[in-house]
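The values are calculated or read from the model by the stated rules, or taken from the named source; none is laboratory data. Nothing here was measured: the structure is a model prediction, and the numbers come from that model. Here the Cβ positions follow ideal geometry from the backbone for every residue, glycine too, while neighbour counts run over all protein chains shown.
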Amino acid sequence: MFKNEEMEINLGPQHPSTHGVLRVKLRLDGETITHCRPMIGYLHRGVEKICENQTFFQGQVWTDRMDYCSAVANNLGWAEANEKLFGITVPRRAQYIRTMLNEFNRLASHLIWLATHALDIGAMTVFLYAFREREDILDMNEAFCGSRLTTTAFRIGGLREDLPPGFEKMVQKFLAKFPSCLEEYENLLNENRIWKKRTIGVAKLGAEDAIAMGVTGPVLRAAGVPYDIRKAFPYAAYAEMDFEVPTRTEADTYARYLVRMDEMRQSARIIQQCMDGMPEGPVMAKLPKILKAEVNEVYHATEAPKGEIGYYLVGEKGSSNPYRFHVRAPGFINLQSLPKMAEGGLIADIVAAIGTLDIVLGEIDR
Amino acid sequence: MNKILRTLIPFDIAKGLAITGKHFAKVFFTANRRKVPFHIVSEYPEVVAKVQPRFRGRLTLLKDEQGEIKCVCCLACEKICPTQVITIEKGKKEGRKMPFPVRYDFEMERCIFCEFCVESCGFDSIILNHQFELAAYNREDFSLGMVGAENMFEPSNVGKFSVADD
């Protein structure tokens, strides 16, 4: 009686709920998605190639501009990959400060995820509250390195400057109020019937599929795999920190939400430990004036808020530029699980699926 | 039975509304009162926004006490700049041993405010000032040099557009 016809539509690239310039090609049967393909490349700048034409020192400014919500975590990966390449040992105080700022950045990234994800699904209040706390973290970024978003926080071999005066007070003030803020978000969302209806059982991705597709970060941990590079291959000062890796087994959007909320609690714990056990000493290792590489290649992976961010660097003898530079961007690899999550579901749920992956297109397209 | 009650009576919504209500009441009863610490918004263009001491603003050339330009044209900042926004021309000046910059051009539209130039400078002759209102109507206003109305020594006056004149 009715003609059964599939419809093809584009979600994005200017759609506000696609978190940037992501275009998703959808084929719909009524309201059910039968085919879903993310199309990327609208924000491609050629960061890898640009970095190959610049010195090791200059390359860091480009890592800020990949995942602009977690610039400090990207800086840390870049700095540590270079230190691995040149065989530099970083002073212990610098390691502690790096760890602390990295965890602050994880908080900021998760807060912006919570804010936009909730806004996509329809909870506007959380957006305003989460941005209020993120503002404090950005202020701390500004106090430490002078910039709020594109931080360029670390240097190869340590830090440019020590913590500014009054920084400890800012941190303690933040840590004193942050648990109550987390409780506020949870009271708004955890029991909310609309939130639960929109997230429980939506965009499932089991552990087997997640591992097969190389998905990392909270998406993997919400499927029950306790893989966290901070624990598995400790870097910076994480070996000395006491924290847990929160996991869930439900593997749906709600589980990922809970995992990220627990991760924020653990981050606050790590920051407290860093402040308590902050060692004294220099913050910069002794470096040669111009860094010149030997023929050498390194891959260094760190746990960015979105998952495993890996830097692959190849040095050329006598050159101060990397011969080859490649980034294993967590968002890029997590995004390929979108068809698996969305196909067979309703079109309204793909917004939740995109939000729960926590993608930033600056990093995916690079 | 319990489940039906929970579905019928929206406790979960009430819980959320209690939080928003609390915040609303806090602001409502203290509105227009000064020195209320939890008002987090500021009246930005009218009230000057404060920045941290390490804030990275526009590149500025410094002069010493005699009014001499401190820059000695070592070209370290030009070399380290990731976006190549600095161009320096070396020259000589009478009564000065060190080289003197005849031209120090700065293309602000390409500057990414990373402060690598200041870090590389061994003579403390440049800083990034605390200016962040750097918008302008004309493209030429972003090309700064040592002479002219928009120069490298004084803060740009492009920030004036953010505050109403009346």
Would the stretch A:62-73 turn up any residue that is more than 12 Å from chain B (Cβ to nearest Cβ), over 19 Å from residue B:81 (Cβ atoms) and outside any loop (DSSP other than H, G, I, E, B)?
yes
Checking the conditions here, which among A:115, A:81 is in contact with a His (Cβ under 8 Å, 6 or more places away or on another chain), away from chain B (no Cβ under 12 Å), farther than 21 Å from residue B:54 by Cα and surrounded by 20 or more Cβ atoms within 10 Å (Cβ to Cβ)?
A:81
List the residue pairs whose Cβ atoms are under 8 Å apart, where the first residue sits in the stretch A:160-171 and is facing chain B (nearest Cβ under 9 Å), the second is crowded, with 16+ Cβ neighbours inside 10 Å and aliphatic (A, V, I, L, M), and the two are 6 or more positions apart or on different chains.
A:160/A:284; A:161/A:283; A:164/A:143
Name the pairs whose Cβ atoms lie under 8 Å apart, with the first residue in the stretch A:110-127 and closer than 12 Å to residue A:189 by Cβ, the second not in a helix (DSSP H, G or I), and 6 or more positions between them or separate chains?
A:117/A:358; A:123/A:192
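Of all residues in the stretch B:1-28, which are aromatic (Phe, Trp, Tyr) and either at pLDDT 80 or above or surrounded by 10 or more Cβ atoms within 10 Å (Cβ to Cβ) (or both)?
Correct list: B:11, B:24.
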Only listed residue being closer than 22 Å to residue A:77 by Cβ and of a type in the set (D, E, K, R), chosen from A:198, A:160, A:193
A:160
Listing of helices (runs of 4 or more DSSP H) fully contained in the stretch A:181-266 that carry 2 or more residues being hydrophobic (A, V, I, L, M, F, W, C) and free of Cβ contacts under 8 Å to residues at least 40 places away in the same chain:
A:207-212
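Each row is one residue, and each column tells you yes or no for (1) in contact with a Cys (Cβ under 7 Å, 6 or more places away or on another chain); (2) loosely packed, with under 13 Cβ neighbours inside 10 Å; (3) away from chain A (no Cβ under 14 Å); (4) among the small types (Gly, Ala, Ser).
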{"residue": "B:82", "(1), (2), (3), (4)": "yes, no, no, no"}
{"residue": "B:101", "(1), (2), (3), (4)": "yes, no, yes, no"}
{"residue": "B:108", "(1), (2), (3), (4)": "no, no, yes, no"}
{"residue": "B:114", "(1), (2), (3), (4)": "no, no, no, no"}
{"residue": "B:119", "(1), (2), (3), (4)": "no, no, no, no"}
{"residue": "B:129", "(1), (2), (3), (4)": "no, no, no, no"}
{"residue": "B:137", "(1), (2), (3), (4)": "no, yes, yes, no"}
How many of the residues making up the stretch A:328-349 are surrounded by 24 or more Cβ atoms within 10 Å (Cβ to Cβ) and of a type in the set (A, V, I, L, M)?
3
If I ask for residues that are farther than 15 Å from residue A:126 by Cβ and among the hydroxyl-bearing types (Ser, Thr, Tyr), which ones from the stretch B:4-24 would you list?
B:7
For the stretch B:41-50, check the following and say yes or no: at least one residue is closer than 22 Å to residue A:150 by Cβ, within 19 Å of the chain's Cα centre (by Cα), surrounded by 13 or more Cβ atoms within 10 Å (Cβ to Cβ) and within 14 Å of chain A (Cβ to nearest Cβ).
no
Which residues, taken from the stretch A:118-132, are buried (at least 22 other Cβ atoms within 10 Å of the Cβ) and either within 12 Å of chain B (Cβ to nearest Cβ) or within 17 Å of the chain's Cα centre (by Cα) (or both)?
A:118, A:126, A:130
Count of the stretch A:1-50 residues which are among the hydroxyl-bearing types (Ser, Thr, Tyr), at pLDDT 85 or above and closer than 18 Å to residue A:335 by Cβ:
1
